[in-house]
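The values are calculated or read from the model by the stated rules, or taken from the named source; none is laboratory data. Because the structure is a prediction, the values reported are computed rather than measured. Neighbour counts are summed over all protein chains in view; Cβ atoms, including those assigned to glycine, are modelled from backbone coordinates with ideal geometry. With ligands, DNA and RNA removed, areas are computed over all heavy atoms of the protein, side chains included. Shrake-Rupley method; radii C 1.70, N 1.55, O 1.52, S 1.80 Å.
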Amino acid sequence: MTATAAVRRLNYDVADLKLADAGRDRILWADTQMPVLNLIRERFRREQPFKGLKVSCCLHITTETANLLRTIQAGGAEVLACASNPLSTQDDTAAALVRHFSIPTYCRRGEDRDTYYRHLNAALDFHPQITMDDGADLVSLIHTKRPARLKEIRCSLEETTTGVIRLKAMAADG
């Protein structure tokens, strides 16, 4: 199958796939500055700790995050990405994740609120067993609007203090 055919099979919503080559070059350059993540990726490639799992990640879509997503994928997971902050989204990185790394990606720099929530819902429609959040938007959406998905989730990760505060408030509210 050609790369173009593979991209056609992926679901995604990015600004411009023509930016993919520039995004790939920036992702691979950033990777040279992340030696520990490289070691983890090689270990994951061998050990496959996420084999058979689906992981939806709502994170800043940057070159650094792209390398984290590649590492999770190397560990055997099917990975989907959406943006946690449309203002930090790098459109070339998003395009490269789709075209060069076969990671369905839903984000556009500066996307509006409706598009943002459509992308969050796409991440949940992926039926992940693991969610990874920056700001607890996926977990919040699961609990408030998509509770049927809760039984599918094995674990959720939150990377920010703001998200943890939000999760604690949700727990206090039951």
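Please turn the phi angles of the stretch 10-19 into ³J(HN,Hα) values with the Karplus equation 6.51 cos²θ - 1.76 cosθ + 1.60 (θ = phi - 60°), one per residue in order, whole Hz, x for glycine and proline.
Karplus values, whole Hz, x for Gly and Pro: 7, 8, 6, 8, 10, 5, 7, 5, 5, 7.
Give me the lysines in straight-line cross-link reach of LYS51: C-alpha distance below 24 Å, same-chain residues under 8 apart excluded.
Within the straight-line cut-off, LYS51 pairs with LYS151.
Taking the simple approach of a point 7 Å from Cα along Cα-to-Cβ for both SER102 and ARG46, what is their distance in nm?
In this crude spin-label approximation the distance works out to 2.3 nm.
When only the heavy atoms of the protein chains count and the probe is 1.4 Å, how do TYR116, TYR12 rank by accessible area, highest first?
Ranked list, largest accessible area first: TYR12, TYR116.
About its Cα centre, what dipole magnitude does the stretch 25-92 give when the only charges are +1 on Lys and Arg Cβ and -1 on Asp and Glu Cβ, stated in debye to the nearest 20?
The dipole of the stretch 25-92 has a size of about 360 debye.
Checking the cross-link filter: which aspartates and glutamates have an alpha carbon closer than 15 Å to that of LYS18, excluding same-chain neighbours under 8 positions apart?
Answer for LYS18, where 15 Å is the Cα cut-off: ASP91, ASP92, listed by chain and number.
Taking the Cα centre of the chain as origin and charging only Cβ (+1 Lys, Arg; -1 Asp, Glu), how large is the dipole, in debye to the nearest 20?
560 debye
Could you pull the accessible area for PHE44 with a 1.4 Å probe, rounded to 10 Å²?
Approximately 40 Å² of PHE44 is accessible to the 1.4 Å probe.
Using a 1.4 angstrom probe and counting only protein chains, how large is the accessible area of THR115 in Å², to 10?
Only protein atoms counted, so the area is about 20 Å².
Can you tell me which lysines have their Cα less than 19 Å from the Cα of LYS145? Leave out same-chain residues fewer than eight positions away.
Result set, ordered by chain and number: LYS168.
When only Cα pairs under 8 Å and 6 or more residues apart are kept, what is the percent relative contact order across the stretch 49-98?
48 percent
Is the stretch 79-151 rounded, prolate or oblate when judged by the Cα gyration tensor, a ≥ b ≥ c being the square roots of its eigenvalues, rounded requiring a/c under 1.5 and prolate requiring a/b larger than b/c?
It comes out oblate by the Cα gyration axes.
Calculate, for the chain, the solvent-accessible area per residue in square angstrom, rolling a 1.4 angstrom probe over the heavy atoms of the protein chains.
Per-residue accessible area for the chain comes out at 52 Å².
Using Cα pairs closer than 8 Å and at least 6 residues apart in sequence, work out the relative contact order for the stretch 85-144, in percent.
Over the stretch 85-144, the number comes to 26 percent.
Please calculate the 1.4 Å probe accessible area of LEU97, with all protein chains present, and give it to the nearest 10 Å².
Rounded to the nearest 10, that gives 0 Å².
Run lengths n ≥ 4 of DSSP H only: what is the helix-derived mean residue ellipticity at 222 nm for the chain, with -39500 (n - 2.57) per run over all residues, to the nearest 500?
The per-residue figure over the chain is -15500 deg cm²/dmol.
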